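*Asks:* Next up is a structure, given as structure tokens.
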Amino acid sequence: MVKANRGQISSALRALDPDFRGVLVFGRDEGLIRERADRIAAQIVDDPGDPFRVARLGPDEVKADRARIADEMAAISLMGGRRLVRVDSPGDGDADAVANALDGPVGDSLLLLVAGDLSPRSKLRKLAEQRKDMLALACYPDEAADLSGLIGEVLGAAGLTASSDARAYLLANLGGDRMLSRRELEKLALYKGDGEDRTVSLADAEACVGDGSALTLSQIAEAVTGGDAAGLDRRIERAFAAGENAVAILRTVQRRLQQFHLMAAHMDAGLDAKAAMMKLAPPPIWKDRERIAADIRRWSAPRLSHALARTLSAEVQCKTTGLPAESICHRTCMEIALAARRPPR
């Protein structure tokens with residue numbers, strides 16, 4: 001089948017269609033990949049470490065024996081119950097082995113492929129999206145609707161609700177990685193404790209998430225679009241010293257540039273900066289609106305398009321050239337920040 005849509009993903013995570021004999025979980029959000037893979041696995045076996053019902057293969061094992069996947073898929077559990085064959089970090093070189101395993105004799109096993117980011121041209125991804133007996137679950141950084149659901153899920157389990165400003169703040173400062181977002185929300189729930197006040201305020205959210213990596217990355221993005229070269233230099237150096245990833249920084253900058261690009265389109269259609277800002281989903285929290293309204297005036301839609309393309313190119317360079325990713329990221333962000341200081345054309 002084709003890549004699963006939002007509804008199909010939700011349905012599969014609740015109850016996987018028994019007609020599917022293989023599931024490919026892939027994307028850029030490592031936390032979400034782990035979460036979805038674990039939820040699929042939990043539908044097959046109670047204990048993911050059960051050696052009688054679970055075969056877990058790494059890339060070296062598969063590379064050493066291309067028939068290993070087919071052999072595991074054909075095996076029958078001696079203890080009864082359905083088996084799980086999990087392959088971690090598969091690549092395009094494993095696509096033929098996966099196809100042969102599913103086309104050959106198959107016992108009552110589910111093949112779970114847990115991969116990283118796969119391009120639309122990936123042979124393994126195409127295989128999963130084209131076969132009727134496979135499901136492809138894409139995992140990318142949470143959109144507002146996904147993250148809003150996670151906020152409701154984690155806070156709701158603790159009997160908490162978030163105020164509108166707190167929710168907007170959380171939506172703006174979480175979402176790069178599902179597992180990290182969940183941990184931050186769990187920390188927030190623990191911070192609120194069992195007191196009578198069951199509403200998470202903006203101050204509560206800032207107290208727990210405000211000193212985390214999400215806020216640091218947001219501050220870097222703000223410095224970039226605001227042309228604050230000195231502030232950018234301090235913050236990005238601090239982020240790297242704390243172990244932040246260059247690609248994560250570039251993606252945070254990309255998201256802010258995308259927001260600005262959408263605002264610029266609305267402004268070209270006749271809206272003023274503040275009205276265009278309120279078209280964003282979610283709208284910025286009240287205390288950030290004046291700054292955003294001022295910063296957007298530095299930009300035009302064409303310049304934002306160029307800046308976005310520059311960050312995307314930098315991300316590819318970080319992954320493929322072997323050059324220091326931190327240097328590529330730092331230089332790219334500084335170039336865009338300096339561009340923001342020039343009068344818009």
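*Asks:* May I ask you to list the residues in segment 261-281 that are part of a loop (DSSP other than H, G, I, E, B) and either without any contact (Cβ under 8 Å) to a residue 60 or more places away in the chain or surrounded by 14 or more Cβ atoms within 10 Å (Cβ to Cβ) (or both)?
*Replies:* Result: A269, G270, L271, D272, M278, K279, L280.
*Asks:* Between a residue in segment 69-85 that is over 16 Å from A97 (Cα atoms) and any residue that is β-branched (V, I, T) and in a loop (DSSP other than H, G, I, E, B), which pairs come within a Cβ distance under 9 Å, given they are 6 or more apart or on different chains?
*Replies:* G81/V45; R82/V45; R83/V45; R83/I76; L84/V45
Yes or no, residue by residue, for (1) β-branched (V, I, T); (2) open to solvent by 40 Å² or more (accessible area, probe 1.4 Å):
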{"site": "R234", "(1), (2)": "no, yes"}
{"site": "E237", "(1), (2)": "no, yes"}
{"site": "L250", "(1), (2)": "no, no"}
{"site": "V253", "(1), (2)": "yes, no"}
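*Asks:* Which of the residues belonging to segment 282-315 are farther than 20 Å from A246 by Cα and open to solvent by 50 Å² or more (accessible area, probe 1.4 Å)?
*Replies:* Selection gives W286, K287, D288, R289, E290, R291, A294, R297, R298, P302, S305.
*Asks:* Here's another thing I want to ask about it. Pairs please, first residue from segment 95-106 and more than 12 Å from M134 (Cα to Cα), second anywhere and of a type in the set (A, V, I, L, M, F, W, C) and surrounded by fewer than 18 Cβ atoms within 10 Å (Cβ to Cβ), Cβ atoms under 7 Å, 6+ apart in sequence or on different chains.
*Replies:* Close Cβ pairs (under 7 Å, with a partner that is of a type in the set (A, V, I, L, M, F, W, C) and surrounded by fewer than 18 Cβ atoms within 10 Å (Cβ to Cβ)) amount to G104/A74; P105/A74; V106/A74.
*Asks:* Do we find that R121 is out of contact with any helix residue (DSSP H, G or I) (no Cβ under 6 Å at 6 or more places or on another chain), under 23 Å from V23 (Cα atoms) and without any contact (Cβ under 8 Å) to a residue 24 or more places away in the chain in this structure?
*Replies:* It is true that R121 is out of contact with any helix residue (DSSP H, G or I) (no Cβ under 6 Å at 6 or more places or on another chain), under 23 Å from V23 (Cα atoms) and without any contact (Cβ under 8 Å) to a residue 24 or more places away in the chain.
*Asks:* Sticking with this structure for a sec: If you check G227 against the conditions, is it out of contact with any Gly (no Cβ under 8 Å at 6 or more places or on another chain), part of a loop (DSSP other than H, G, I, E, B) and touching a residue at least 12 places away in the same chain (Cβ under 8 Å)?
*Replies:* Judged against the criteria, G227 is a match.
*Asks:* State which residue pairs qualify: first residue in contact (Cβ under 8 Å) with a residue 12 or more places away in the chain and over 17 Å from T252 (Cα atoms) and inside segment 310-339, second residue open to solvent by less than 80 Å² (accessible area, probe 1.4 Å) and hydroxyl-bearing (S, T, Y) in any location, beta carbons under 7 Å apart, and separation of 6 or more residues or different chains.
*Replies:* none
The values are calculated or read from the model by the stated rules, or taken from the named source; none is laboratory data. Since we're looking at a predicted model, the values are computed, not measured. Ideal geometry is used to build each Cβ from the backbone, glycine not excepted, and the neighbour counts take in all protein chains shown. For the accessible areas, the whole protein counts, side chains as well, though only heavy atoms, and no ligand, DNA or RNA atoms are used. Shrake-Rupley method; radii C 1.70, N 1.55, O 1.52, S 1.80 Å.
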